[in-house]
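Here's the structure we're looking at; comments come further down.
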Amino acid sequence: MIRSNLLSVLGLIFLGLIVAYLYHNPSVQKLPMRPPTPQTTAIIIGSGLAGLSAASELIAKNIPVLLLERGTKPGGNSIKASSGINGAPTKYQSTVDEMFYADTVASAGRAMESSTAQRSALIATLTQESKRAIDWLVEEKGVNLSKIALLGGHNVARTHRGAGGPPPGWAIISALLSSLKESPLFQLQTSCTVTRLLRSQVHSSQGVTGVEYICASKDVEGDEHGERKLLHGPVIVAAGGFAGDALPAGILARYRPELACYPSTNEPRPSPVHLLADVGAQLVDMQHVQVHPTGFVDPDVPSSRLKILAAEVLRGEGGILLRDGQRFVNELDTRESVSRAITQWSAEREDPRQWDVKVVLDEGSYVAAKSHADFYISKGLMKKTTIAELGPGVLDTIQRYARVVRGEEDDVFRRKQFANWGLQEPEGDSVVYVGSVTPVVHFTMGGALISERAEVLGKEGEAVEGLWAAGEVTGGVHGENRLGGSSLLECVVFGRIAGKGCAEYIGSRST
Ligand SMILES: Cc1cc2nc3c(=O)[nH]c(=O)nc-3n(C[C@H](O)[C@H](O)[C@H](O)COP(=O)(O)OP(=O)(O)OC[C@H]3O[C@@H](n4cnc5c(N)ncnc54)[C@H](O)[C@@H]3O)c2cc1C
Ligand SMILES: *[C@@H]1O[C@H](CO)[C@@H](O)[C@H](O)[C@H]1NC(C)=O
């Protein structure tokens with residue numbers, strides 16, 4: 001009895017000693033149930049809107065992010081976006097909008113006939129999440145998106161941008177970047193190109209486990225050197241489209257040979273889709289490419305592959321297109337048919353492949369499109385001149401157009417709207433504004449098929465483990481034709497979904 005009491009007292013003392021020891025020795029006290037693993041870093045490829053949206057969600061969940069960007073500056077093509085971002089229903093719209101899904105399906109066209117269920121799910125996610133995407137940008141990131149426009153193919157005005165202030169691409173990218181830079185968990189490395197996705201050697205699932213990348217660095221003599229590195233972690237590919245990959249051996253020419261050597265509104269750069277194809281991603285809609293009929297040919301650098309878009313508003317406000325001094329098309333026809341009307345002729349230049357077309361505005365259309373036109377004039381892409389300066393035949397052409405505008409003659413090209421064209425009696429010395437334009441590759445609908453959870457899908461429709469994608473590098477969201485304003489939207493919607501999915505994946509593996 002006494003003995004057993006003594007034993008239990010000794011036992012208690014012993015236990016107390018252990019507890020006291022553990023309590024006072026921090027290294028032992030913190031000993032976890034399993035060996036400590038450093039917090040996994042999420043790897044994002046590309047610093048356009050899709051990459052920054054994904055990064056924002058990961059950082060919000062306290063996951064470290066390494067964002068690798070090939071360019072010297074962040075922002076990609078996203079930073080150039082000028083029309084705006086779609087969303088419905090939002091408080092800025094004045095009409096009830098229940099047609100976004102239907103408009104998107106209509107624009108996707110016959111592409112809806114294949115992978116129908118997957119495409120419907122993507123479009124449903126894109127449109128249903130659009131209101132939340134706008135709210136997130138406005139309320140959490142402080143972007144002004146209070147102005148609404150109606151773009152082609154939309155039945156309701158739903159494309160948002162700021163009232164005054166910087167263009168929407170710039171405004172959104174700078175807001176996300178500055179908020180990300182507040183976090184010590186966010187790391188952006190520019191001049192670093194991802195060259196390969198690493199795959200699991202162990203698991204038969206062939207999941208993605210990291211990236212191989214090369215960062216350019218300059219030595220004391222200023223020569224560029226590449227340092228090849230490996231980094232392990234789950235990967236989000238947000239590397240953009242392939243409109244700028246137009247060399248004869250490039251991706252664009254592989255799927256659309258007739259578009260080889262076309263100039264583009266996108267930075268000239270090799271396409272990133274091989275990264276995804278190499279790990280078994282299913283590529284869809286690669287042949288669907290948006291060609292814009294009017295990119296400016298800069299008279300100072302006519303051979304530049306990169307062109308600035310001559311916005312539709314120039315034609316929309318009354319402007320006309322001339323070739324050899326003649327009109328040749330209803331300038332307000334679809335982008336596709338205006339482009340076709342130009343490219344049916346043989347090109348004036350083969351590399352880059354260019355046609356010689358003039359866009360001409362009278363004083364009235366110029367005033368209506370002033371904010372755009374003045375920017376183009378300041379860049380030397382348009383100039384103020386007179387009809388006589390445009391060469392023989394142009395006065396005739398413009399006089400006939402003026403008769404059509406006055407309603408005295410039907411237009412042979414069936415144009416019905418002339419907006420703000422005001423020149424009633426054109427003379428040789430009448431003032432006009434002119435620029436040279438040519439068709440440009442603007443957007444690529446195709447890319448890696450993703451699920452509505454932004455997982456990259458393999459050939460059998462299975463999700464590739466450890467890999468997500470968002471933005472223009474993906475396919476399936478737009479089908480045959482993207483609606484204006486929906487690409488910025490897909491970056492935000494699927495970028496955020498990818499970020500959340502990746503955060504959950506990291507969380508599930510560290511518990
Ligand atoms: C002039 C212009 C105006 C536009 N206006 C609008 C508009 O008003 N509304 C709209 O919705 N859409 C618009 N678009 C389309 C839209 O901007 C793009 O589709 C969208 O921004 C694509 O975003 P992203 O994040 O997918 O790719 P991007 O913004 O292009 O970013 C991709 C980034 O990935 C980097 N990258 C690529 N490969 C690698 C690699 N291997 N390693 C490291 N980094 C890599 C690139 O350098 C780039 O910075 C416009 C496009 C242009 C060109
Ligand atoms: C957006 O900018 C306009 C013009 O400056 C301003 O009137 C409006 O209140 C702004 N909206 C928001 C939500 O800040």
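Read-outs: derived from the displayed coordinates by stated rules, not from any lab. Keep in mind the model is a prediction, meaning the values are calculated, not measured. Cβ coordinates were reconstructed from backbone atoms using ideal geometry, including for glycine residues, and neighbour counts include every protein chain displayed.
For segment 161-242, rounded, prolate or oblate, judged on the Cα gyration tensor with a ≥ b ≥ c (square roots of eigenvalues), a/c < 1.5 rounded, else prolate if a/b > b/c?
Working: a/c = 2.33, a/b = 1.39, b/c = 1.67.
Judged from the Cα gyration tensor, segment 161-242 comes out oblate (a/c at least 1.5, b/c at or above a/b).
From least to most packed, judged by other beta carbons within 10 angstrom and beginning with the fewest, 154, 372 follow the order 372, 154. Full extension of the chain between residue 187 and residue 72 yields a length gain of 39.9 nm, computed as 0.36 nm times the residue separation minus the alpha carbon distance. Relative to the Cα centre, the charge distribution of the chain, modelled as +1 at Lys and Arg Cβ and -1 at Asp and Glu Cβ, gives a dipole magnitude of about 1620 debye.
Assigning unit charges at the beta carbon (Lys, Arg +1; Asp, Glu -1) and nothing else, what dipole magnitude in debye, to the nearest 20, does segment 242-325 show about its Cα centre? Don't jump to the answer; show the numbers that get you there.
Values: 7 positive and 10 negative charges, 27 e Å.
Result for segment 242-325 is approximately 120 debye, rounded to the nearest 20.
222 nm [θ] for the chain, helices only, -39500 (n - 2.57) per DSSP H run of 4+, per residue, to 500?
Result for the chain, helices only: -9000 deg cm²/dmol.
Kindly flag which residue pairs out of 181/218; 61/131; 181/379; 61/229; 61/307 have an alpha-carbon separation exceeding 29 Å in this structure.
Working: 181/218 25 Å; 61/131 22 Å; 181/379 32 Å; 61/229 27 Å; 61/307 39 Å.
Checking Cα-Cα distances, 181/379; 61/307 exceed 29 Å.
Around residue 325, with a cut-off of 10 angstrom between Cβ atoms, what is the net charge of the other residues, counting Lys and Arg +1 and Asp and Glu -1? Don't skip to the end; give the middle numbers.
Details: positive: 323, 327, 358; negative: 324, 396.
Net charge around residue 325: +1.
Angle of helix 116-128 to the longest C-alpha principal axis of the chain, folded into 0 to 90 degrees and rounded to 10: 90°.
Cα centroids of segment 278-355 and segment 53-81: how far apart, whole angstrom? One Cα centre to the other: 30 Å.
The distance separating the Cα centre of segment 247-267 from that of segment 449-483 comes to 22 Å. Which aspartates and glutamates have a Cα less than 16 Å from the Cα of residue 384, not counting those fewer than 8 places away in the same chain? Hits, sequence-local ones excluded: 298, 362, 363, 374, 427, 429. Couplings for segment 491-505, taken from phi via the Karplus curve 6.51 cos²θ - 1.76 cosθ + 1.60 with θ = phi - 60°, read 4, 6, 5, 7, x, 5, 4, 4, x, 5, x, 5, 5, 5, 4 Hz in order; Gly and Pro are left as x. Each of 151, 195, 162 was placed along the dipole of segment 134-210 (beta-carbon charges, centred on the mean Cα), and the one lying farthest toward the positive end is 195. Taking the charge dipole of segment 400-480 about its Cα centre, with +1 at Lys and Arg Cβ atoms and -1 at Asp and Glu Cβ atoms, the residue from 434, 447, 470 reaching farthest to the positive side is 434.
Restricting to bridges with both residues inside the chain, how much of the DSSP beta-bridge set is antiparallel, in percent to the nearest 5? Mind showing how you got there, number by number?
On the way: 50 of 68 bridges.
Looking only at bridges with both residues in the chain, the antiparallel portion is about 75 percent.
At full extension, residue 324 and residue 96 could sit 77.5 nm farther apart than now, given 0.36 nm per residue minus the alpha carbon distance.
Would you please put 443-450, 315-322, 158-165, 175-182 in order of how densely packed they are, using the mean number of other Cβ atoms within 10 angstrom per residue and starting with the highest?
Values: 443-450: 27.1, 315-322: 23.8, 158-165: 20.1, 175-182: 16.1.
Per-residue Cβ counts within 10 Å, averaged per peptide and sorted highest first, yield 443-450, 315-322, 158-165, 175-182.
For every other residue with a beta carbon closer than 12 angstrom to the beta carbon of residue 284, add +1 if it is Lys or Arg and -1 if Asp or Glu, then tell me the sum. Counting the neighbours of residue 284, the net charge comes to 0.
Summing Lys and Arg as +1 and Asp and Glu as -1 over all other residues whose Cβ lies under 11 Å from the Cβ of residue 295 gives a net charge of +1.
Evaluate Rg over Rh across segment 205-356, taking Cα atoms for both radii and Kirkwood's formula for Rh.
Working: Rg = 19.9 Å, Rh = 18.5 Å.
Checking Rg against Rh, the ratio lands at 1.08.
State which entries of 80/147; 141/459; 141/500; 147/358; 147/370 exceed 26 angstrom in Cα-Cα distance in the structure shown. Exceeds cut-off: 141/459; 147/358.
The angle between the Cα long axis of helix 168-181 and the longest principal axis of the Cα atoms of the chain comes to about 20 degrees, rounded to the nearest 10.
Could you run the Debye sum over the Cα atoms of the chain, one equal point scatterer each and no solvent, and tell me log10 of I(q)/I(0) at q = 0.06, 0.08, 0.13 Å⁻¹, two decimals? After summing over all Cα pairs, the log10 values are -0.35, -0.56, -1.26.
Can you pull the one-decimal nm distance between simple spin-label points at residue 106 and residue 120, each 7 Å off the Cα toward Cβ? It works out to 1.9 nm between the two label points.
Quick check on segment 373-421: take the gyration tensor over C-alpha atoms, sort the square-rooted eigenvalues as a ≥ b ≥ c, and tell me if it's rounded (a/c under 1.5), prolate or oblate.
On the way: a/c = 3.04, a/b = 1.62, b/c = 1.88.
Taking the square roots of the gyration eigenvalues as a ≥ b ≥ c, segment 373-421 is oblate.
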